[in-house]
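Chemist: Okay, here's the structure, questions in a sec.
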Amino acid sequence: MSPMQRSLAWLREHGYEAQKVEYWNHYAKRRVDLWGIDILAMNDNHLLAVQTTDGGHHAEHVEKILASPAAKLLAHHARVEVWSWSVKVTRERRGDGFLDKRKRTQLRRDNLTAKLRNRE
C-alpha cells in the first residue's frame, strides 16, 4: 500500500472527505502536485492540505513545502501538514519471554501551518 493510499484511508476512516490532487503528466513523465500538496481533506471543522511520503523522505518534503510561496498562501486558509509512513519493528516481550518482531506501520505528522504563516 502506498503512502497516498494509506493517508486517504486514514483520513476517510477519521471522518474527512478527502481527495487526491496530484496527477501523472504523461508528456512530461512526472507527477504534478496542486500547490505542492497531494491531498485536500475537509470535515465540519477545517480544511487540511497534506503532502504525503514514505519515512525516508520526510525532511525533503518539509523543505519543499516551506520553500513554496503557494503553500504560504494556503496556510492562511487551511492547515498544511507533511505526513510520512514508515514500517517499524516492535521489540516487545511476548508472554513466553521471546521478542515480538511484528512490523507495524507508523504515521508521522508535521503541522507546518504556523511556520508558513510566520515566514516572510
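Each value in this text was obtained by applying a stated rule to the coordinates, not by laboratory testing. Remember, predicted model here, so these are calculated numbers, not experimental data. A quick note on method: Cβ atoms are made from the backbone with ideal geometry, for glycine too, and the neighbour counts reach across all protein chains shown.
Chemist: Report the residue count in segment 41-67 for those that are of a type in the set (Val, Ile, Thr) and either surrounded by fewer than 16 Cβ atoms within 10 Å (Cβ to Cβ) or within 18 Å of residue 2 (Cα to Cα) (or both).
Modeler: From segment 41-67, those of a type in the set (Val, Ile, Thr) are 50, 52-53, 62, 65; that's our starting set.
After this cut, where a residue has to be either surrounded by fewer than 16 Cβ atoms within 10 Å (Cβ to Cβ) or within 18 Å of residue 2 (Cα to Cα) (or both) as well, the list is 50, 52-53.
Of the residues in segment 41-67, 3 are of a type in the set (Val, Ile, Thr) and either surrounded by fewer than 16 Cβ atoms within 10 Å (Cβ to Cβ) or within 18 Å of residue 2 (Cα to Cα) (or both).
Chemist: Another one. Does residue 18 fit the bill of being in a strand (DSSP E or B), touching a Phe, Trp or Tyr at 6+ places or on another chain (Cβ under 6 Å) and among the small types (Gly, Ala, Ser)?
Modeler: no
Chemist: Tally the residues that are within 21 Å of residue 105 (Cβ to Cβ) and of a type in the set (Phe, Trp, Tyr), restricting the search to segment 2-49.
Modeler: Result for segment 2-49: 2.
Chemist: Here is a further query. Return a yes/no flag: does segment 84-96 have any residue that is closer than 21 Å to residue 42 by Cβ, loosely packed, with under 11 Cβ neighbours inside 10 Å and in contact with a Lys or Arg (Cβ under 7 Å, 6 or more places away or on another chain).
Modeler: no
Chemist: Taking residue 90 as the residue in question, decide whether it is among the polar types (S, T, N, Q) and touching a Pro at 6+ places or on another chain (Cβ under 6 Å).
Modeler: Answer is no for this residue.
Chemist: Cβ-Cβ below 8 Å, separation at least six or inter-chain, first residue in segment 19-40 and surrounded by fewer than 16 Cβ atoms within 10 Å (Cβ to Cβ), second among the aromatic types (Phe, Trp, Tyr) and in a strand (DSSP E or B): which pairs?
Modeler: Qualifying pairs under 8 Å: 30/24; 31/23; 31/24; 32/23; 32/24.
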